[in-house]
Amino acid sequence: MFLFLVLIMVTWQALSPQPAEATQLINDKIGHALVFLFLAFVSDHAFATTTFNWHKALWLMFYGIAIEVLQHYIPGREFSLLDMAADASGLLIYFILVRTIIQRTPTPPRELKN
């Protein structure tokens, strides 16, 4: 349910017309990467029966591409390949973080059978 709410909020923000004089508190590409890092985290935990893999990342990338295509038709917004690259970088950062954490998590010792 939380993933659904997050997707609604991100979609609304991404598809709202943006005034020309809008100020940005954070670099646009860093913002894209952070949003998709967060989306990866939320989707990974929403579907926790599997680890974060390319299937989950692919669905989120399709979502990012769809947003970029739709932004082409919205005043004050534009289609950007660099935005999609930033989206992909956020997903890649999450993937690397998850893999690093999983590899460093100690596994419990197995009991020896006699």
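FYI, it's all coordinate maths here, none of it is from the lab. The structure displayed is predicted, hence computed values, not measured ones. Heads up, the Cβs are rebuilt from the backbone with ideal geometry, glycines too, and the neighbour counts pull from every protein chain shown.
Annotations for the structure displayed:
- Folded to 0 to 90 degrees: helix 28-46 orientation relative to the chain principal axis, Cα: 40
- Neighbour net charge for VAL35 - beta-carbon separation under 14 angstrom, K R +1, D E -1: -3
- Candidates GLN13, GLN103, GLN71, ranked by Gaussian network fluctuation over the chain, Cα under 10 Å, top entry: GLN103
- Remark: the Cα gyration tensor places the chain in the prolate category, a/c being 1.5 or greater and a/b exceeding b/c.
- The range 26-104, dipole about Cα centre (Lys/Arg Cβ +1, Asp/Glu Cβ -1), debye to the nearest 20: 300
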